[in-house]
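S.K.: First, the structure itself, so that you have it in front of you.
The values are calculated or read from the model by the stated rules, or taken from the named source; none is laboratory data. Quick caveat, the model's predicted, so the values are computed rather than measured. Here the Cβ positions follow ideal geometry from the backbone for every residue, glycine too, while neighbour counts run over all protein chains shown.
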Amino acid sequence: MDDKPVDKEKILKELSEFHKLDYDYSDGRILGSMCTEAHPFAKEVYFKFLDTNLGDPGLFKGTKLIECEVIKSIGELLSIDNPYGHIVTGGTEANLMAIRAARNHARKYKGIIDGEIIVPESAHFSFKKAADMLNLKIVEAELDENYKTDVESVKKLISDKTVAIVAIAGTTELGLVDPIDEISKIALENNIYFHVDAAFGGFSIPFLRKIGFDLPVFDFSLPGVCSITVDPHKMGLAPIPAGGILFRKEEYLEVMAVDSPYLTVKTQSTIVGTRLGASSAATYAIMKYFGKEGYCNIIRNLMDNTIFFKEELEKLGYEVICEPELNIVAFNHPSIETNELAEKLGARGWKVSVAKCPVAIRIVLMNHIKLNHLKELLEDLKEIF
Ligand code: 0PR
């Protein structure tokens, strides 16, 4: 730290030098991100609420009401009238809260001490962090030939130590939706907590279903579903950080509650103490601003781009791993090794990511990737050999 105060102009200049090293979403070169540039209106609202702290909600009663409204609106999208939950920092924290609720619930009502969670091979790595922090063992369910959770494999892995089963609505690598209906039944039959990670798909599947896309039900209308992660800072187009965790019953929050005697509320169930109210306010604003109609238009456009890109890739001889269900396309070329292709694209300025299961270039067609960017990318993919 400097000994003396530094002039604002100088500070801003220094910061902008750092900022220049960052990629900018508007260049259309960031192809592997599930986040995108937030809408200017959401940013404006975010800034207004920067000082609010939901860790002490009695001091910020209005902002707390905003969080409740946001959870209720997201709940409506996910077919539940009275959800319980919070806007948190992202999918990682949301998944951690769900698994913590499941573990504590199983400990309290079933006496399970050394629990296990059944998680598909396609799950996001946040479950590894959750299992590590919560002292749980991960048992991995296999994928079927379509890269979705194999239901039989889940059944086989159930034991008297299972505290939760997890399925994914919009996998990180391929954007696929698991057979959540079938897994919900299994969870219910075996009286096991069932969490759906819809961090990516939660803000698009409901709208896609509305406009006629043939996607399966994944939400609270399935009686076995106990909690859902759904992230406003991914397909909700809210500013980072904004994750969402919704629970079917209040008891799942209660089993995580710790005493917070000197605060304006006497218990706290969230992992984070001091918590941004700005995330809730910006999410509230952007959800109102777009409405269902706005989100339907956005996702329709993204799916049009996805289908266009997939078809053009095939014309160029690329092999697409699976029919895209959401706005992700994963592909390889028979005559070039995938990592080498990723490097070549990198040399041309494209920031692609490589999926591991199966190995493939993976493009997440977020809002900042426009048709002209895709056409430029296709040109490069044509010339690259
Ligand atoms: N669940 C799923 C299904 C996810 O895809 C992700 C993140 C998470 C949970 C965790 O969410 P948070 O990162 O919000 O905690 N998926 C992307 C990933 O890790 C996130 C991402 C975003 C990656 C932007 C890169 C990037 O540039 O791959």
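S.K.: Where residues in region 156-195 are more than 16 Å from the ligand (Cβ to nearest atom) and acidic (D, E), which of them is surrounded by the most Cβ atoms within 10 Å (Cβ to Cβ)?
M.R.: If we take residues in region 156-195 being more than 16 Å from the ligand (Cβ to nearest atom) and acidic (D, E), then E182 is surrounded by the most Cβ atoms within 10 Å (Cβ to Cβ).
S.K.: Given the criteria more than 30 Å from L65 (Cα to Cα), more than 16 Å from the ligand (Cβ to nearest atom), without any contact (Cβ under 8 Å) to a residue 12 or more places away in the chain and in the same structural domain as Y23 (by TED's automatic domain parsing), does E311 qualify?
M.R.: Yes.
S.K.: Now for a separate question. Here are some conditions: (1) surrounded by fewer than 19 Cβ atoms within 10 Å (Cβ to Cβ); (2) closer than 27 Å to F47 by Cα; (3) within 16 Å of the ligand (Cβ to nearest atom). V265 meets all but one. Which one does it not meet?
M.R.: (3)
S.K.: Would a scan of region 326-340 turn up a residue that is more than 16 Å from the ligand (Cβ to nearest atom), crowded, with 17+ Cβ neighbours inside 10 Å and either under 29 Å from A38 (Cα atoms) or among the basic types (K, R) (or both)?
M.R.: Yes.
S.K.: Go through region 196-212 and report how many residues are within 11 Å of the ligand (Cβ to nearest atom) and outside any loop (DSSP other than H, G, I, E, B).
M.R.: So the count comes out to 4.
S.K.: Go through region 22-41 and give me each residue that's in a helix (DSSP H, G or I) and within 16 Å of the ligand (Cβ to nearest atom).
M.R.: Hits for region 22-41 are Y25, S26, D27.
S.K.: Now for a different question. Give the number of residues within region 94-134 that are touching a residue at least 12 places away in the same chain (Cβ under 8 Å), away from the ligand (no atom under 11 Å from the Cβ) and part of a loop (DSSP other than H, G, I, E, B).
M.R.: Total satisfying the criteria: 4.
S.K.: Give me the pairs, please: first residue somewhere in region 154-182 and part of a loop (DSSP other than H, G, I, E, B), second residue anywhere and away from the ligand (no atom under 16 Å from the Cβ) and of a type in the set (D, E, K, R), beta-carbon distance under 8 Å, and either six or more positions apart or on two chains.
M.R.: Pairs found: S159/E116; K161/D114; K161/E116; K161/K137.
S.K.: Oh, and also: Check whether at least one residue in region 245-259 is within 16 Å of the ligand (Cβ to nearest atom) and either over 30 Å from E325 (Cα atoms) or in contact (Cβ under 8 Å) with a residue 60 or more places away in the chain (or both), and report yes or no. Break it down into steps so the answer makes sense when it comes.
M.R.: In the first step, residues of region 245-259 are kept if they are within 16 Å of the ligand (Cβ to nearest atom); the result is 245-246.
Restricting the remaining residues to those that are either over 30 Å from E325 (Cα atoms) or in contact (Cβ under 8 Å) with a residue 60 or more places away in the chain (or both) gives 245-246.
Yes, region 245-259 contains at least one residue that is within 16 Å of the ligand (Cβ to nearest atom) and either over 30 Å from E325 (Cα atoms) or in contact (Cβ under 8 Å) with a residue 60 or more places away in the chain (or both).
S.K.: Further question: K234 versus (1) of a type outside the set (F, W, Y); (2) assigned to a loop (DSSP other than H, G, I, E, B); (3) surrounded by fewer than 20 Cβ atoms within 10 Å (Cβ to Cβ): which is the lone unmet condition?
M.R.: So the condition that K234 fails would be (3).
S.K.: Would you mind stating whether G85 is modelled with pLDDT of 95 or more, in contact with a Leu (Cβ under 8 Å, 6 or more places away or on another chain) and in the same structural domain as L50 (by TED's automatic domain parsing)?
M.R.: Yes.
S.K.: Just to be sure I understand, how many residues within region 269-295 are surrounded by 16 or more Cβ atoms within 10 Å (Cβ to Cβ) and farther than 19 Å from I211 by Cβ?
M.R.: 15
S.K.: A further question on this structure: I'm checking my understanding of the structure. Among residues of region 191-228 that are charged (D, E, K, R) and without any contact (Cβ under 8 Å) to a residue 60 or more places away in the chain, which one is farthest from I87 (Cα to Cα)?
M.R.: D214
S.K.: Scan region 299-338 for residues that are among the acidic types (D, E) and not in a loop (DSSP other than H, G, I, E, B) and jot them down. So that I can check it myself, show each step before the final result.
M.R.: The initial filter retains those residues of region 299-338 that are among the acidic types (D, E), namely 304, 311-312, 314, 319, 323, 325, 337.
Those that are among the acidic types (D, E) and not in a loop (DSSP other than H, G, I, E, B): D304, E311, E312, E314, E319.
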